[in-house]
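First comes the structure, then the notes that go with it.
Read-outs throughout are calculated quantities, based only on the coordinates presented, and are distinct from any laboratory measurement. Everything numeric here is computed off the predicted structure, so don't read it as measured data. Here the Cβ is made from the backbone with ideal geometry for all residues, glycine too, and neighbour counts use every protein chain on show.
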Amino acid sequence: MTPEAVIYRYLEAANQQPFAAADFVRVLGADADLLGRWLNLLECRADPAALTVLIEGLSCEQLRSLAQAQAWAVLPVAGSARLGLDQWQAVLRSAFLAEVLAQQLGLKHPEGIRWKVLLAVSGVNLTHDPEMTELSEFRGASAELLEDASPLIRVFTVVDALEVLDEYRAGQLAQRLLSLNAEDFSELVEWAGNRCSDLVSSLELSVDSEADWSDRLWVQQQVGMLAELLMTSTTLEELQFAHEFASRSLFSQVPYLLVLDSQQRLVPIVDNAISIRLDSPSSEIARAVREGVDLPLTDTAATSVGERQLLRRMGARAATCVPLVANENPVGALLFLVDEDVDNYFAQLLYVRQLALQLAQTQVQPDNEQELVKRYRQREEKRLRELIHEANNPLSVVHNYLHILQMQLQHEPTATEQLQMVSTELKRTGEIIQRMRDLSPISELEPQAQVVFAEFDLNDLARRVFELHRGYADDHDVDLLIELAQGGVILASDEQRLAQILNNLMRNAIEASSGQSVSLGSEVGIFREGREGVEVYVKDTGPGLSREVLASLAEPKNSTKGGDHAGLGLHIVHRLVLELQGGIDVHTATGAGTIFRIFLPLKPL
């Protein structure tokens with residue numbers, strides 16, 4: 001069963017603020033019991049990357065609740081036999097041997113193999129993971145029956161032998177099943193031990209530690225529950241009230257709470273008659289907060305008067321000043337009465353951390369409207385990332401099949417060229433979708449990806465766009481025409497943005513011209529405001545644009561097309577043209593069609 005020290009580090013990682021999924025998964029990957037519970041809970045294979053994604057998809061409240069439930073499931077009960085840290089580390093060392101063996105053999109996903117072997121050695125099975133089921137089923141099979149087994153099963157057999165038997169016989173199996181000589185195997189065992197020690201050290205789980213982990217664990221649970229009381233506070237007065245109840249429960253005293261205000265003064269919530277400047281040269285409280293260290297306070301003639309007044313309000317001759325720091329920023333201080341007969345250091349450490357985080361949040365508590373915007377943004381960011389993740393799956397499938405078709409049709413140049421154009425557009429679509437993942441801060445009002453100006457042939461781009469829309473035009477019974485200037489038309493602009501402009505205009509024109517025609521063309525020798533450039537145009541013979549649409553051409557609006565149209569196409573076109581330092585003209589008449597002309601300078605400013 002999981003040692004108390006590991007459960008403590010696990011809960012610490014689960015309650016870390018801000019939460020770091022990678023740190024949490026690193027702790028899970030060190031313990032078979034906790035890891036198995038989470039993998040079964042989320043129906044996830046023994047795959048670190050997959051588990052990290054699933055955990056990142058949980059809200060902070062869901063994560064903490066589930067983490068607490070799993071901790072209680074493995075917490076010690078009366079009379080239960082538990083692994084000591086040395087025994088637990090020995091199992092982990094065996095799992096690391098599986099990882100280094102996998103690396104030596106050139107196997108994929110060595111960390112995932114470590115997880116599988118850690119679970120299998122500990123007798124944990126995942127019924128939804130076929131490889132784990134096989135490890136359990138074929139465990140203990142004789143060596144002569146395993147020579148043709150999968151590398152994972154052979155690696156597990158060698159590691160299991162080291163765990164159950166000894167290094168010599170495990171080395172013999174490694175030579176027979178993995179073609180490793182005894183010397184190489186011994187070096188890998190040593191390497192695995194070092195890797196294991198590094199992880200244990202990073203988790204601060206020294207086998208020689210004298211810490212009472214059981215006591216620490218229960219104090220952590222108690223502080224965690226009291227932290228929920230602090231989290232109900234929305235004002236400093238409410239926080240002071242919650243602090244009084246929580247600290248009495250933990251310390252049988254109420255440490256004096258000082259808050260760092262906007263004027264860089266340390267002020268008591270209950271009595272603002274006394275304030276201590278953070279830059280005060282004579283105040284030990286100010287120095288403790290500035291330097292982030294605990295300092296003693298005593299009521300002597302050499303002590304600053306403000307501090308002596310605070311001590312007398314506490315009814316004490318001595319106290320310890322503990323700084324409150326949240327996200328590496330000072331937010332206040334606590335003054336603890338000195339009681340040499342009571343050791344509250346560990347509870348004090350945990351409580352100070354929780355109080356500082358809540359104090360920082362309370363000091364910058366947004367109003368209701370801002371809070372609603374924040375929550376809405378967080379929800380929509382999560383939903384958007386999920387949609388992007390799902391959209392990439394079919395895009396990858398289509399891209400793979402296009403590659404197969406290109407291989408099959410490699411002797412038909414026209415078809416291959418068309419498939420290559422489709423593949424290029426799919427790749428561009430994927431890049432646009434990926435950019436959506438990087439949501440900018442609210443403070444950036446109109447964040448845009450950087451415009452990349454480079455030379456390309458406008459006619460070549462126009463031909464590709466034309467070919468891409470031929471099938472769409474056929475579906476709408478539209479004749480598609482191309483009218484390009486003679487020769488090449490070289491300009492320096494952003495080809496990706498211009499492709500997006502033309503795709504939007506072509507799609508709109510085709511949808512508006514059922515049974516009619518649409519033309520795509522280019523012209524050279526165009527001058528605007530003294531700048532030489534080119535024009536590319538999209539012309540249709542549809543019904544024309546209404547006055548209402550023309551009046552708000554550059555603004556996003558509801559589409560009149562229905563279905564899945566967002567009504568953003570022309571707004572996007574207008575924005576992209578401006579980014580390319582160009583201009584856009586529209587000529588339209590009822591029943592006579594519409595032509596969009598895009599002016600593009602040959603060279604950007």
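TYR256 sits among other residues whose Cβ lies under 15 Å from its own Cβ, and their net charge, with Lys and Arg +1 and Asp and Glu -1, is -2. Toward the positive end of the charge dipole of the stretch 454-601, with +1 on the Cβ of Lys and Arg and -1 on the Cβ of Asp and Glu, the farthest Cα among LEU468, ALA592, VAL478 is that of ALA592. Between SER514 and GLU56, the simple label model (points 7 Å from Cα in the Cβ direction) yields a spacing of 4.4 nm.
Between ILE526 and ALA589, the contour length at 0.36 nm per residue exceeds the Cα-Cα span by 20.3 nm.
The GluC sites (Glu not before Pro) of the stretch 109-170 that DSSP puts in a loop, and whose beta carbon has at most 12 other beta carbons within 10 Å, are GLU147.
Extension gain, LEU481-GLU167: 0.36 nm per intervening residue step, less the Cα-Cα distance, totals 105.4 nm. Taking every alpha-carbon pair under 8 Å whose residues sit at least 6 apart, the stretch 454-601 reaches a relative contact order of 24 percent. The trypsin sites (Lys or Arg not before Pro) found in the stretch 277-364 that occupy coil by DSSP, while having at most 14 further C-beta atoms within 10 Å, are ARG317. The P(r) of the stretch 4-202 has a tail past 24 Å containing 40 percent of all C-alpha pairs.
The ratio of the alpha-carbon radius of gyration of the stretch 470-544 to the globular-protein estimate 2.2 N^0.38 Å is 1.22.
A cut-off under 11 angstrom between Cβ atoms defines the neighbours of TYR537, and their net charge, with Lys, Arg +1 and Asp, Glu -1, is -3. Once the other residues with Cβ under 15 Å from the Cβ of VAL155 are scored (Lys, Arg +1; Asp, Glu -1), what is the net sum? Net of charged neighbours comes to -2.
Is the shape of the stretch 139-264 best called rounded, prolate or oblate, per the rule: a/c under 1.5 gives rounded, else a/b larger than b/c gives prolate, else oblate, with a ≥ b ≥ c the square roots of the Cα gyration tensor eigenvalues? Because a/c hits 1.5 or more and a/b exceeds b/c, the stretch 139-264 counts as prolate.
In this label model, GLU381 and SER65 are separated by 2.2 nm, measuring between points 7 Å along each Cα→Cβ vector. Counting pairs of alpha carbon atoms under 8 Å apart in space and at least six apart in sequence, what relative contact order in percent does the stretch 214-363 give? Relative contact order of the stretch 214-363: 24 percent. In the stretch 454-601, the C-alpha radius of gyration followed by the widest Cα-Cα span (Dmax) gives 14.7, 44 angstrom. Using the Karplus relation 6.51 cos²θ - 1.76 cosθ + 1.60 with θ = phi - 60°, the per-residue 3J(HN,Hα) values for the stretch 5-15 come to 4, 6, 4, 4, 5, 5, 5, 4, 5, 5, 9 Hz, with x marking Gly and Pro. Extension gain for the segment ASP460 to ALA318, taken as residue separation times 0.36 nm less the Cα-Cα distance, is 42.9 nm to one decimal. Here the spin labels are modelled as points 7 Å beyond Cα on the Cα-Cβ line, and at ASP299 and GLN410 they lie 9.1 nm apart. Mean projected area of the Cα convex hull of the stretch 245-285, taken over all directions, amounts to 3.6 nm².
What is the stretch 1-107 by shape, rounded, prolate or oblate, if you read a ≥ b ≥ c off the alpha carbon gyration tensor as root eigenvalues and call it rounded for a/c under 1.5, prolate for a/b larger than b/c, and oblate otherwise? Since a/c reaches 1.5 but b/c is at least a/b, the shape of the stretch 1-107 is classed as oblate.
Report the residues of the stretch 232-268 in range of a label on TRP218: point 7 Å along Cα→C-beta, backbone N strictly under 17 Å from it. In the stretch 232-268, the label zone of TRP218 (backbone N under 17 Å from the point 7 Å along Cα→Cβ) covers 249-252.
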